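The structure appears below as structure tokens.
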Amino acid sequence: MFTEYIDFSQPTFYYIIAHILFNPLFWNTVARAEYRSHILTKLAGGNAYYGCYALAVTIFSIGITRDALYALALGNQPTLAALETPLVQGIAVALYAVGGILVLTSMYALGVTGTYLGDYFGILMDARVTGFPFNVCENPMYVGSTLNFLATALWHASPAGLLLTVIVYIVYLIALEFEGPFTSMIYAKKNEKKE
């Protein structure tokens, strides 16, 4: 039944799943290695900011690659006529706008080092960001990114895209289980040093 709506024989379907799984695994692994051994800071000549910027460029680049592969994978998948309506297209545009706003405003609020794991480099913010979009949801970057995946799936009328969006959502939830407590620990240590 599912094979009518999702073409599991398409290699791009599995490539994008691998990329979706790889990205947060990569940035969490590298960031923790940096926290424990300062490997990126050492490679950047002892400058934590340069190390963080290099990681930022890498994370941004693999994100672009993932998004391009997602579009390619959806292009190789069947569409569902029930999703090919002006209403669904309008919902897709609205979701993409909301997702984009959440991602871009959270990046603006956090800056480059706040967005790209600067805290693992010892580049800590003075206080937790609580303004928009963090007053709307706790993890606006992940929520916004998931909404963008969903919007793209709806725009392409792709059941495969909807399944991939669920995978993205689950992967982000798992990533947050590792990132949240670790980041809290980093800031708890910062506060202990102040006392």
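Could you tell me the relative contact order of the chain? Use alpha-carbon pairs under 8 Å, at least six residues apart, and round to a whole percent.
30
In sequence order, what are the phi-derived ³J(HN,Hα) couplings for region 96-104 according to the Karplus relation 6.51 cos²θ - 1.76 cosθ + 1.60 with θ = phi - 60°, rounded to whole Hz, with x for glycine and proline?
For region 96-104, the Karplus curve yields 5, 5, 4, x, x, 4, 4, 5, 5 Hz.
In nanometres, what is the gap between the two model label sites at Leu124 and Lys189, each 7 Å from Cα along Cα-to-Cβ?
If labels sit at Leu124 and Lys189, their model points lie 0.9 nm apart.
Quick one: what does P(r) look like for the chain with 5 Å bins over all Cα pairs, in whole %?
1, 7, 14, 18, 18, 15, 10, 7, 5, 3, 1, 0, 0
Between the helical axis of 48-75 and the dominant principal axis of the chain, each derived from Cα atoms, what acute angle in degrees is found, rounded to the nearest 10?
10
Suppose each label sits 7 Å from its Cα in the direction of the beta carbon; what would the Ile167-Ala94 distance come out to in nanometres?
Reported label-point gap for Ile167 and Ala94 is 2.9 nm.
Enter the angle in degrees (range 0 to 90, nearest 10) between the Cα long axis of helix 11-37 and the first principal axis of the Cα atoms of the chain, meaning the one along which they spread out most.
10
Could you give the accessible area per residue of the chain, probe 1.4 Å, as a whole number in Å²?
Values: 10790 Å² over 195 residues.
Heavy-atom accessible area per residue stands at 55 Å².
Any idea what the alpha-carbon Rg over 2.2 N^0.38 Å comes to for region 56-143? Each step should come with its number before you reach the end.
Working: Rg = 16.7 Å, N = 88, 2.2 N^0.38 = 12.1 Å.
Dividing the Cα radius of gyration by 2.2 N^0.38 Å gives 1.38.
Given just the C-alpha atoms of region 77-118, how large is their convex hull per residue in cubic angstrom?
On the way: hull volume 3.1 nm³, N = 42.
Looking at region 77-118, the number lands at 75 Å³ per residue.
Under 1.5 on a/c is rounded, so check that first for region 150-195, then, if it is not, pick prolate when a/b is larger than b/c and oblate when it is not; a ≥ b ≥ c are the square roots of the alpha carbon gyration tensor eigenvalues. Don't skip to the end; give the middle numbers.
Details: a/c = 10.40, a/b = 4.12, b/c = 2.53.
It is prolate, given that a/c is not under 1.5 and a/b is the larger ratio.
For region 56-127, which whole percent of the accessible surface, found with a 1.4 angstrom probe, sits on carbon and sulfur atoms?
73
Using the Cα atoms of region 19-107 to build a convex hull, what is its mean projected area in square nanometres?
On the way: hull surface 29.5 nm².
Mean projected area of the Cα convex hull: 7.4 nm².
With everything on Cα atoms, drop me the angle between helix 140-155 and the longest principal axis of the chain, reported from 0 to 90° to the nearest 10.
Rounded to the nearest ten degrees, it is 20.
The values are calculated or read from the model by the stated rules, or taken from the named source; none is laboratory data. Only a predicted model underlies this, so the values are computations on that prediction, with no experimental measurement involved. Reconstructed Cβ throughout: ideal geometry from the backbone, glycine too, with neighbour counts over all protein chains shown. Keep in mind that these areas ignore ligands, DNA and RNA; they rest on the heavy atoms of the full protein, side chains included. Shrake-Rupley method; radii C 1.70, N 1.55, O 1.52, S 1.80 Å.
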